[in-house]
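Asks: Sharing a structure, written as structure tokens. Questions coming.
The values are calculated or read from the model by the stated rules, or taken from the named source; none is laboratory data. All of these numbers come straight from a predicted model, not from anything done at the bench. Reconstructed Cβ throughout: ideal geometry from the backbone, glycine too, with neighbour counts over all protein chains shown. Heavy atoms of the whole protein, side chains included, go into the accessibility calculation; ligands, DNA and RNA do not. Shrake-Rupley method; radii C 1.70, N 1.55, O 1.52, S 1.80 Å.
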Amino acid sequence: MRLFTRTAMAVIVTAATATAAWADAREVRIASHVSEFSPLHAQSKLFAEEIENRLPGQFVFKLYPSGQLGKEKDLMANVQAGAIEMINVASGVMKLDRKLGVFDLPWLFYNREHVRRAMAAGLEDAVRARIEEVGNVNVIGVYENGFRHVLNTKRPITEPFDLDGLKIRISGGKFRQGVFQQIGAQPQSVSWGETFTALQSGVVDGAEAAIYGFYEQKQFEVAKYLSLTSHVYTPSFLLSSKRFMDSLTDEQRTAFVEVGRAITDRAYQISEELEQEYIAEMSTKTELNAAELVKFQAATVKSYDAYIESQGYDYLKFVRETAKN
């Protein structure tokens, strides 16, 4: 198990050790709303390390995970305003434009390989362009926050009817709550920090989240069943403010853009490695099962209608044309 250091201070990521290099280096903050257990934190570290390799001594990167510089909404506002250099966030980006809500659609992807095929086929470039068009930011990288799954105290979730009657703590807006209601669950509003106690006391029967979320909160210690439902996939987005990017030299700007794309494969690999590491530890205390994805897709297919009617089919085309069960 790799070791993580929890600290309220910024994590400084740089290979520059000489006093002169530090004196001349420019400070760059990369903030995130999620913890150092997340793939987003690992992606930010990777990016900082690769920029240091490319442009040694020119930057000192300071990473601020766990919402130290604000919640996701605040981070988005600050990077758009140029008040912070860079952020690495997830679902908050989808709020920029309804078309980006494609990633809220349930059971959109079969697996991580399907995600990669769709992104490579043109979905990533389309999403990048849309974010930069409407968001007043530069998209440095599109990586992975991960699939969301269900942890609960009652039973394995294999088919849609297994959720019937279960009180599930659900994040996200009314759309995701409606999807769960459609297949019989009872969505519950509980703060993430109180979910462990809610599971322990029976206030909720389960929760849905990315694997690292269950892991960091130790919820697997009080909930017996971990079902890999993969009901939503969320990318992560490494963003920079336009003010910051405009302030860089041509060489530096080119390096940021090229490194952001060059680390994509490694970023996905790290995300998968972290997930498997966490699942391995969680499975010592939970019963792990896969869900029958096709049955869930069939049960929720009508939830796509409103999106297609209002936003069109062009993003979904990338997904459907690259699907392989």
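Asks: Can you divide the C-alpha Rg of the range 95-201 by 2.2 N^0.38 Å and report the result to two decimal places?
Replies: For the range 95-201, the normalised Cα radius of gyration comes out at 1.28.
Asks: Right, something else. Could you order the peptides 69-76, 277-284 from most to least packed, using the average number of other C-beta atoms within 10 Å per residue?
Replies: The packing order, highest mean first, is 69-76, 277-284.
Asks: Moving on to the next point. Mind scanning Lys224/Lys295; Lys71/Lys317; Lys154/Lys285 and naming the pairs with a C-alpha gap bigger than 25 Å?
Replies: Too far apart for the 25 Å limit: Lys71/Lys317.
Asks: A further question follows. Under a crude label model (7 Å from the Cα following the beta-carbon direction), how far is Phe161 from Val301 in nanometres?
Replies: Label-label distance for Phe161 and Val301, simple model: 1.9 nm.
Asks: Roughly how many whole Å is it from the C-alpha centroid of the range 31-60 to that of the range 272-325?
Replies: 28 Å
Asks: Continuing with this model, one more query. What percentage of the solvent-accessible surface of the chain, computed with a 1.4 Å probe over protein heavy atoms, is contributed by carbon and sulfur atoms?
Replies: Result for the chain: 49 percent of the exposed heavy-atom area is carbon or sulfur.
Asks: To continue, here is another question. Using amide H atoms built in the peptide plane, which far-off residues or other-chain residues are under 5 Å from Arg26 H to H?
Replies: Residues meeting the amide H criterion: Phe59, Val60.
Asks: Which lysines have a Cα lying under 17 Å from the Cα of Lys174, excluding residues fewer than 8 positions away in the same chain?
Replies: Leaving aside lysines fewer than 8 places away in the same chain, those within reach of Lys174 are Lys95, Lys99, Lys302.
Asks: Then there is this: I'd like the distance between the alpha-carbon centres of the range 68-119 and the range 167-234, rounded to an integer number of Å.
Replies: Each part's Cα centre sits 20 Å from the other's.
Asks: Residues of the range 49-168: accessible area per residue at 1.4 Å, in Å²?
Replies: 36 Å²
Asks: Show me the ranking of peptides 137-148, 234-245 by mean Cβ neighbours inside 10 Å, starting with the highest.
Replies: 137-148, 234-245
Asks: Averaged per residue, what accessible area in Å² does the range 203-274 show with a 1.4 Å probe, protein chains only? Intermediate values should be presented prior to the final figure.
Replies: Details: 2440 Å² over 72 residues.
The answer is 34 Å² per residue.
Asks: About the Cα centre of the chain, what is the dipole size in debye to 20, counting +1 per Lys and Arg Cβ and -1 per Asp and Glu Cβ, all else neutral?
Replies: Dipole size: approximately 560 debye.
Asks: Using only Cα atoms, tell me the angle between helix 124-135 and the longest principal axis of the chain; keep it within 0 to 90° and round to the nearest 10.
Replies: Value to nearest ten degrees: 70.
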